[in-house]
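**Student:** Right, I'll just put the structure down here and ask away after.
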Amino acid sequence: MAHIVIIGAGIGGMPMAYEMRELARPDDVITVVSNSPTFHFVPSNPWVAVDWRQRGDIELDIEPALARRNIGFSSAGAKRVHPAENRVELGDGSSIVYDYLVIATGPKLAFDEVPGLGPASLGGHTQSICHVDHAVDAQHAWHSFVKDPGPIVVGAVQGASCYGPAYEFAMIMETDLRRRKLRDKVPMTYVTPEPYIGHLGLGGVGDSKGLLESTFRDRHIKWICNAKTTRVEAGRMFVTEHDEDGKPKKEHELPFKYSMMLPAFKGVDAVAGIEGLTNPRGFITIDAFQRNPKYRNVYSVGVCVAIPPVEATPLPVGAPKTGYMIESMVTATAHNIRAAMEGREPAKTATWNAVCLADFGDSGAAFVALPQIPPRNVNWFSEGKWVHLAKIGFEKYFLRKMRKGTSEPVFEKMVLKAMGIAKLKA
């Protein structure tokens, strides 16, 4: 009998638990540890922020869902991982011992790296869509904003590594404002450390630069690239624009009545600074099999995994970890843990393909980068209303999958087939 502990119950942790249950032996014990009793579908947070969804629409209770698959659960949260002792110290003072550990925590949101960044609850002046709690706060702020509209500043700060949601939210806000007949009252500026619009942390995908620039022009959204956000004050953002050599080029003081800026990510406190387990940013270092090189019974999936940037850029731009990429990490990890339990060497590797559906409110953009780091076998980017509809379908499908306790990627396969791309999964 083996005890497999999974830290995190998000888009990586929940599917990891279900897939591990399918591959584990009957007497193996699986326990999920989370700092929240509920799962929420993070990709829908932008819709919550503009009141197109309510919190309850995208959230579910974790414990009963896991219990149906004979998976244990603790909402005490992980206070500290002790990999040399095969032990996780929990937030309530107790500990849990494991034979195999999967770290799927997601990131720590590094709002503190830019003075004044982040929700008011954290002392900041900008909104966030990274967590449903933040999205609910952003929704309340949106209600106030549309009663007295003004300039919007939206985007991401230096070191961010997930740009799709920033583009999504800019477009979703723009769509909502048009529906409210308020668009003419709201100047919009997109601020990003990317060297150009559509870089996405991937060095561009297909003609993402041209298509997204065109979309921004059509929707009258201005942009500043190679932008370092230095500080945020109430109603004002201070941004230094850099040239292609990374040297300061121009100072911007941007007024705003509403702002959402994605922060940089770090590893969570439970693992930060553990030598041999994490890199300097606190992300889990792994080999080709999702396994930590030093602690070989520790695996990791999702945003908390250390991935180097795709290319050098004037300002720090991280590489994204999309849902499809995380799914492939989960599958590889589950198979490799089963192999380890049987005394075999791991053989499964994740595909590391970037596949994303980005909603634009009344249309959307889909991109596929196979593999993530160029040169690529597939380098594809497209826009259309079908992406908006597919994103809605994916939300419903994924939440149902989490409630039922299945990890079979039926919908993902259908969407990929619709895009003319098949057999992506290793």
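**Student:** Which of the residues belonging to the stretch 332-376 are small (Gly, Ala, Ser), under 17 Å from Lys209 (Cα atoms) and out of contact with any His (no Cβ under 8 Å at 6 or more places or on another chain)?
**Tutor:** Within the stretch 332-376, the subset small (Gly, Ala, Ser) is 332, 334, 339-340, 343, 347, 350, 354, 358, 361, 363-366, 369.
Narrowing the set further to residues that are under 17 Å from Lys209 (Cα atoms) leaves 354, 358, 364-366, 369.
Of everything in the stretch 332-376, those that are small (Gly, Ala, Ser), under 17 Å from Lys209 (Cα atoms) and out of contact with any His (no Cβ under 8 Å at 6 or more places or on another chain) turn out to be Ala354, Ala358, Ala365, Ala366, Ala369.
Quick grid of which residues meet (1) surrounded by 16 or more Cβ atoms within 10 Å (Cβ to Cβ); (2) touching a Lys or Arg at 6+ places or on another chain (Cβ under 6 Å); (3) closer than 23 Å to Gln127 by Cα; (4) modelled with pLDDT under 95:
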| position | (1), (2), (3), (4) |
| --- | --- |
| Ile224 | yes, no, yes, no |
| His242 | yes, yes, no, no |
| His252 | yes, no, yes, no |
| Ile274 | yes, no, no, no |
| Thr278 | yes, no, no, no |
| Gly318 | yes, no, yes, yes |
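**Student:** I've got another one for you. Mind checking whether some residue in the stretch 170-184 is crowded, with 24+ Cβ neighbours inside 10 Å and free of Cβ contacts under 8 Å to residues at least 60 places away in the same chain?
**Tutor:** Checked against the condition, which is being crowded, with 24+ Cβ neighbours inside 10 Å and free of Cβ contacts under 8 Å to residues at least 60 places away in the same chain, the stretch 170-184 yields at least one hit.
**Student:** So, one more: Restricting attention to strands (runs of 3 or more DSSP E) lying wholly within the stretch 197-268, give those where 2 or more residues are β-branched (Val, Ile, Thr) and touching a strand residue (DSSP E or B) at 6+ places or on another chain (Cβ under 8 Å). Talk me through it step by step, then tell me what you get.
**Tutor:** Details: elements: 221-224, 227-233, 236-242, 248-255, 258-262.
Here the list reads 221-224, 227-233, 236-242.
For every residue, the table says whether it meets (1) charged (D, E, K, R); (2) under 14 Å from Ile11 (Cβ atoms); (3) outside the structural domain of Val102 (by TED's automatic domain parsing).
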residue	(1), (2), (3)
Glu327	yes, yes, no
Met341	no, no, no
Ala365	no, no, yes
Val368	no, no, yes
Ile373	no, no, yes
Glu395	yes, yes, yes
Leu399	no, yes, yes
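**Student:** Another one. State all residues of the stretch 295-340 that are in a helix (DSSP H, G or I), among the β-branched types (Val, Ile, Thr), more than 15 Å from Gly267 (Cα to Cα) and within 12 Å of the chain's Cα centre (by Cα); if no residue qualifies, say none.
**Tutor:** Passing the criteria: only Ile326.
**Student:** Any chance you could count how many residues in the stretch 341-385 are at pLDDT 90 or above and either part of a helix (DSSP H, G or I) or out of contact with any strand residue (DSSP E or B) (no Cβ under 8 Å at 6 or more places or on another chain) (or both)?
**Tutor:** The number of residues fulfilling the criteria is 12.
**Student:** Tell me which residues, restricted to the stretch 34-75, are in contact (Cβ under 8 Å) with a residue 12 or more places away in the chain, part of a loop (DSSP other than H, G, I, E, B) and either touching a Leu at 6+ places or on another chain (Cβ under 9 Å) or not polar (S, T, N, Q) (or both).
**Tutor:** So in the stretch 34-75, the residues in contact (Cβ under 8 Å) with a residue 12 or more places away in the chain come out as 34-52, 55, 57-63, 65-66, 68-75.
Checking which are part of a loop (DSSP other than H, G, I, E, B) leaves us with 34-37, 41, 50-52, 68-71, 75.
The answer is Pro37, Phe41, Val50, Asp51, Trp52, Arg68, Arg69, Ile71.
**Student:** Within the stretch 94-131, take every residue that is touching a helix residue (DSSP H, G or I) at 6+ places or on another chain (Cβ under 7 Å) and on the phi > 0 side of the Ramachandran plot and give me the one that is modelled with the lowest pLDDT.
**Tutor:** Top of the filtered list is Gly106.
**Student:** Does the stretch 19-42 hold any residues that are farther than 10 Å from Ile4 by Cα and touching a Gly at 6+ places or on another chain (Cβ under 6 Å), and which are they?
**Tutor:** Residue satisfying the conditions is Asn35 alone.
**Student:** Just to check your reading of the model, which residue among Asp207, Asp184 is acidic (Asp, Glu), at pLDDT below 95 and either farther than 21 Å from Asn45 by Cβ or not assigned by TED's automatic domain parsing to the domain that holds Thr38 (or both)?
**Tutor:** Exactly one of Asp207, Asp184 is acidic (Asp, Glu), at pLDDT below 95 and either farther than 21 Å from Asn45 by Cβ or not assigned by TED's automatic domain parsing to the domain that holds Thr38 (or both), namely Asp207.
**Student:** Kindly evaluate Gly164 against the criterion of being of a type in the set (Gly, Ala, Ser) and at positive phi.
**Tutor:** no
The values are calculated or read from the model by the stated rules, or taken from the named source; none is laboratory data. Just so it is clear, the structure is predicted and the values come from calculations on it, not from any experiment. When we count neighbours, we look across all protein chains shown, and the Cβ atoms used for this are built from the backbone with ideal geometry, even at glycine.
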